[in-house]
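Here's the structure we're looking at; comments come further down.
No lab work stands behind these numbers, since they all come straight from the coordinates. What you see is a predicted model; the values in this text were computed from it and never measured. No Cβ is skipped: glycine too gets one built from the backbone with ideal geometry, and neighbour counts run over all protein chains shown.
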Amino acid sequence: MSANEMWGGRFAGGPAAIMQEINASIDFDKRMYLQDILGSKAHSDMLAATGIISEQDRDEIHRGLTQIQEEIEADKFEFSAELEDIHMNVEARLKEIIGDAAGRLHTARSRNDQVATDFRLWLRDAIDSLDAQYADLHKALINKAEKHADVVMPGFTHLQAAQPVTFGHHLLAYAEMVGRDRSRLADCRKRLNECPLGAAALAGTSFPTDRHMTAKALGFDGPTRNSMDSVAARDFAMEFLAAASISAVHLSRLAEEIVIWASQQFSFVALSDAFTTGSSIMPQKKNPDAAELIRAKPGRIIGSLNALLIVMKGLPMTYGKDMQEDKEVTFDAADNLSLCVAVMAGMVEDMEPRPEFMKAALVNGFPTATDLADWCVRVLNMPFRDAHHVTGSLVALAEKKECGLEDLSLADMQTVEASITEDVFSVLSSEASVTSRTSYGGTAPENVRAMAAEARARFLK
Ligand code: ARG
């Protein structure tokens, strides 16, 4: 094998085939072709504006890069593993198209600042398109919550019926989580939006470059301030993966609830045919595969975060080829998170609650016990701790009689606490319970409607 045409000056021979296999990244970094081309256009503009290259060369470089973009998008570009990565594939093809002027493009830059720039640009685009998908999920959650602001269901702690809540309130809990997920990604976007281009290999350059100009042209807030940090930093990707992992965990919690709700035992929701599958042997089955897969995806997304943290841990300054391992995991996490968000939006939009089953589930577990204790505090002026104790005894009594609290007679209740009056029955239904919970952030239907409107204004600008 002959020496590499891009860097082979000091090499007598070429790399072993197996070396190429471990070294080449083109199979995955070709995804950054557009960012690479835009970066090179901005860089050559700057080189011409500062007089480092001629305007004719700049024009030739632009012409060649535009042609390369067209070739790639028409699937006519031949990617070569011998040329390692997207940067050298593009530059080599540029030389074929425009000749020697292509060799001037790499003045005052290196692949180290180039790849850092391309990767930041790619991630910025990925965050922007993810955010649009999250907006769809937000819309689905908020619309569904508003529509079912009155539907009463058991709220759980320890997966034990705790207090009645509304289905709308439950869904808006996820709208809040998704809101924080989006703001975490927006924070990540803000911090990553500095341009490493022009840091060159690690030490900066002796050419009279204008890094502010390239930063601005590429939509960055400004250039990175330290040339070594510019090529060594990958915390923008780690931060993205951390935010992606947290969001994947949130989505998996909702997915798990959907799996539980859709089970025959609960039957709290009906899922659409569009997001379920049948069984090849059991004709009656309608399986929540989409929810199960979303439940599983944190495996690979957290795995990606873990992988990159471990790759970066203990790496000395500045660039090391280790860092080429940053992209596959980040691409995979971004792809899978995007899939999860889109599927979840569709599944939530189609999902219909089954209020009769939710209501039936409220018969067990004495979900209005807290309302009873609160009534004792409010009407009988008991300290809450005493009221808690009285209610506990009433629950034990109902348990013995195998009935709900609301099914006890007033006489029965008075055997536990003589001062209880008929009025207590007004707080023992689930509907009364949720209607009374009008505290800020509480589950009352009127709150849920107001919060849905507020969430729409906050998240769907
Ligand atoms: N493909 C490389 C990567 O993704 C590009 C940077 C290579 N730089 C170098 N000095 N070998 O990290």
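Within the stretch 81-227, antiparallel bridges make up roughly 75 percent of the DSSP beta bridges whose residues both belong there.
When each of the peptides 139-145, 318-324 is scored by how many other beta carbons lie within 10 Å of its residues on average, the order from highest to lowest is 139-145, 318-324. As an exercise, identify the chymotrypsin sites (Phe, Trp or Tyr not before Pro) in the stretch 1-76 lying in DSSP coil whose Cβ has no more than 15 other Cβ atoms within 10 Å. Of the chymotrypsin sites (Phe, Trp or Tyr not before Pro), the ones in loops of the stretch 1-76 whose Cβ has at most 15 other Cβ atoms within 10 Å are W7, F11.
Note on S439/A201: beta-carbon distance plugged into 1/(1 + (r/R0)^6) with R0 of 56 Å gives a FRET efficiency of 0.40. Here is the list for the stretch 38-94: trypsin sites (Lys or Arg not before Pro) lying in DSSP coil, each with at most 15 other C-beta atoms within 10 angstrom of its C-beta, are K76. Using a cutoff of 8 angstrom between alpha carbon atoms and counting only pairs six or more residues apart, the relative contact order for the chain works out to 17 percent.
Sequence-distant contacts, meaning Cα pairs under 8 Å at least 6 residues apart, place the relative contact order of the stretch 347-461 at 22 percent.
Other residues within the sphere of radius under 9 Å centred on the Cβ of N143, judged by their own Cβ, net out at +2 (K and R +1, D and E -1). In the frame of its principal axes, the stretch 320-461 has Cα extents of 78, 34, 32 Å, reported largest first. Using DSSP, restrict attention to beta bridges with both residues in the chain and report what percent are antiparallel, rounded to the nearest 5. So the antiparallel bridges in the chain amount to around 80 percent. Eigenvalues of the alpha-carbon gyration tensor of the stretch 95-231, scaled by 5 and square-rooted, set the equivalent ellipsoid semi-axes at 50, 15, 11 angstrom, largest first. In the chain, helices alone account for a calculated mean residue ellipticity at 222 nm of -19500 deg cm²/dmol, with every DSSP H run of four or more residues adding -39,500 (n - 2.57).
Over 23 Å between Cα atoms: which of K147/K359; K147/K297; K41/K461; K30/K95; K41/K76 fall into that group? Flagged as over cut-off: K147/K297; K41/K461. Computed packing ranks the peptides 107-118, 210-221 as 107-118, 210-221, most packed first, by mean other Cβ atoms within 10 Å. Loop-located trypsin sites (Lys or Arg not before Pro) in the stretch 372-418 (DSSP state other than H, G, I, E, B) with a sparse environment of at most 16 neighbouring Cβ atoms within 10 Å: K401.
Stokes-Einstein diffusion for the chain, with the hydrodynamic radius set to the Kirkwood value over Cα pairs and evaluated at 20 °C in a medium of 1.002 mPa s, equals 81 µm²/s. Principal-axis analysis of the Cα atoms of the chain puts helix 326-350 at an angle of about 40° to the longest axis.
Stokes-Einstein diffusion of the stretch 285-382 at 20 °C, 1.002 mPa s viscosity, Kirkwood radius from Cα pairs, rounded to a whole number: 116 µm²/s. Rounded to the nearest 10 degrees, the inclination of helix 369-380 to the longest alpha-carbon principal axis of the chain is 60 degrees. Between the Cα long axis of helix 445-459 and the first principal axis of the chain there is an angle of about 10°, rounded to the nearest 10.
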